[in-house]
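Read through the structure below, which is laid out as structure tokens, and then see the notes.
The values are calculated or read from the model by the stated rules, or taken from the named source; none is laboratory data. The structure presented is a predicted model; accordingly, all values stated were derived computationally and were not measured. All Cβ positions, even for glycine, are placed from backbone atoms using ideal geometry, and neighbour counts span all protein chains on display.
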Amino acid sequence: MKLDVDVLRYLSKDDFRVLTAVELGMRNHEIVPSDLIDRIASLKHGGTYKVLKNLLKHKLLHHDSSKYDGFRLTYLGYDFLAIKTMVNRGVFTAVGRQIGVGKESDIFEVAREDGTVMAMKLHRLGRTSFRAVKTKRDYLRHRSSYNWLYLSRLAALKEYAFMKALEEHGFPVPNAVDCNRHCVVMSLIQGYPLVQVKQLQNPETVFDTIIGLVVHLAEHGLIHCDFNEFNIMIDDDEKVTMIDFPQMVSVSHRNAQMYFDRDIECIFKFFGKRFNLSFEERSDDVDDSEVETEESGRPTFSSITKTAGFLDKELAASGFTTKDQDDIQKFIEGNVAEDDVSDNEHESESCQTNIKGFDSLNLDQEEPTSSCNEEGQIDENQHSPEAGQSGDPESQNSSNEEEDNQNADDAQLMKSLAKQRRRAMAAARKGRKNIASRNSYKDKGGKSSNSSKIQKQLSSW
Ligand code: ADP
Ligand code: MG
């Protein structure tokens, strides 16, 4: 998908005011009646209809006159609102090429003025299964806000909150930079999804680390629920980073055991198949971990000492509530049952937005975000309700004390991972393959084909 942000530069204050009015109207209407948009926007000099026409031309809105004359936001319209907020907050100044297309997201490179490149994930819940969203909507019809906008925003907030909390506990995740609407900005991982890796120098070590992460997550009261080769990134030094958190559940979830076993099974299967690791026999005497394993070497969920609610404080700090968790869980669980997306759909694709690689966004920094008051009027100089869950980028500048804590956490995590590694080493002893060298990665992310400017930035990390 091409995210043509060029248009953004030419949109006026009134354009954004009307776009925001549609967004606000969508809290109560799937299709927002044109006269309501006009009332909410209440442009000083009128002309809402002309603006609507312009937004329609740029595909930021969709027109629907089946029941009454009205409009709804398109994903692109929602993208623009989030991007504009991010630019106004100074999170980034330019949008670059697409680096990933997930099952329900699009991932782009974004850059700061100083050239730092980050990743922006735009959530698109319901993209692969609009039918599922519709079904969910039926039983959630008492909540008209339960639409893709709401779901995508929840998914982004959840992802941001979990990423931040996990990072604070020393887990190898991207650095969560900021979140607005359905958009999460995070550090760019210099690596490849494991699915693209054909050979590893140390498959056992990588395997142990990964299994160790699943166990360590459970000890922290969490299950990833989509822990597979698509959501594990690995760099040239075979350092592992886990990504993609909107579907995580607590270990107290009624299906926790099943989710945990499924995560473990995915990893065992993948490593068995791709790297020929065999797990049939394991020796417990080399291992001092308290986590028991089955005969097959798989850690058993019941033997893990779990601390449910461990991350609650951090999650709450990001504005992610229990109710948010319930809402998104209802959707995800329904979706999992209906969704039968093939693995291939996870694969990354690349597409470049322009020759220079980045579209710089010289937007009006003074532009206020707006919110709607009781009468449906937009209040200038206030953050929109959608913009309310911002993360504070400044909080990312950790103090020395925080760094010390982080180091302590890291040490603890490394210790725990080493424990897990020893276990899995034993499990993997049999059938081990002597791999002297690794293949070059299959670079589906298009990194090699990118402009030299970005390439330089990438290789300097
Ligand atoms: P989805 O939820 O749609 O599966 P993911 O978060 O798994 O989305 O991201 C899809 C793909 O985008 C990943 O497989 C990876 O290639 C790329 N990607 C996601 N986050 C990052 C990141 N922080 N740095 C680099 N690439 C990323
Ligand atoms: Mg994914």
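Of everything in segment 60-107 that is out of contact with any Gly (no Cβ under 8 Å at 6 or more places or on another chain) and charged (D, E, K, R), the residue that is nearest to ASP4 (Cα to Cα) is ASP79. With respect to (1) over 25 Å from LYS269 (Cβ atoms); (2) over 20 Å from the mean Cα position of the chain (by Cα); (3) buried (at least 24 other Cβ atoms within 10 Å of the Cβ), the lone exception for ALA176 is condition (2). The number of residues in segment 206-216 that are away from ligand 1 (no atom under 16 Å from the Cβ) and of a type in the set (A, V, I, L, M) comes to 4. Count, please, the residues in segment 73-105 that happen to be within 16 Å of ligand 2 (Cβ to nearest atom) and within 16 Å of TYR160 (Cβ to Cβ). Residues in segment 73-105 being within 16 Å of ligand 2 (Cβ to nearest atom) and within 16 Å of TYR160 (Cβ to Cβ): 3 in total. Listed here are the strands (runs of 3 or more DSSP E) enclosed by segment 95-205 that have at least 2 residues being within 9 Å of ligand 1 (Cβ to nearest atom), on the phi < 0 side of the Ramachandran plot and at pLDDT 95 or above: 105-111, 117-123, 183-187. Within segment 8-21, being within 25 Å of the chain's Cα centre (by Cα) and among the hydrophobic types (A, V, I, L, M, F, W, C) holds for LEU8, LEU19. The set of residues from segment 219-255 being of a type in the set (A, V, I, L, M, F, W, C), away from ligand 1 (no atom under 14 Å from the Cβ) and either over 27 Å from HIS182 (Cα atoms) or assigned to a loop (DSSP other than H, G, I, E, B) (or both) comprises just one member, VAL251. If you go through segment 72-129 and keep only what is among the basic types (Lys, Arg) and either under 14 Å from the mean Cα position of the chain (by Cα) or closer than 23 Å to TYR192 by Cβ (or both), you end up with ARG97, LYS103, LYS121, ARG124.
Where helices (runs of 4 or more DSSP H) fall wholly inside segment 1-77, the ranges with 3 or more residues that are in contact (Cβ under 8 Å) with a residue 40 or more places away in the chain and surrounded by 18 or more Cβ atoms within 10 Å (Cβ to Cβ) are 13-25, 34-41. Residues in segment 208-242 that are within 16 Å of PHE275 (Cβ to Cβ) and either more than 16 Å from ligand 2 (Cβ to nearest atom) or not acidic (Asp, Glu) (or both): ASP208, THR209, ILE210, ILE211, ASN228, ILE232, ILE234, GLU238, VAL240. Taking residues in segment 206-230 that are closer than 17 Å to LYS158 by Cα, and partners anywhere that are among the charged types (D, E, K, R) and within 16 Å of ligand 2 (Cβ to nearest atom), the pairs with Cβ atoms closer than 7 Å and at least 6 places apart or on different chains are ILE223/ASP263; HIS224/ASP263; CYS225/ASP263; ASP226/ASP244; PHE227/ASP263.
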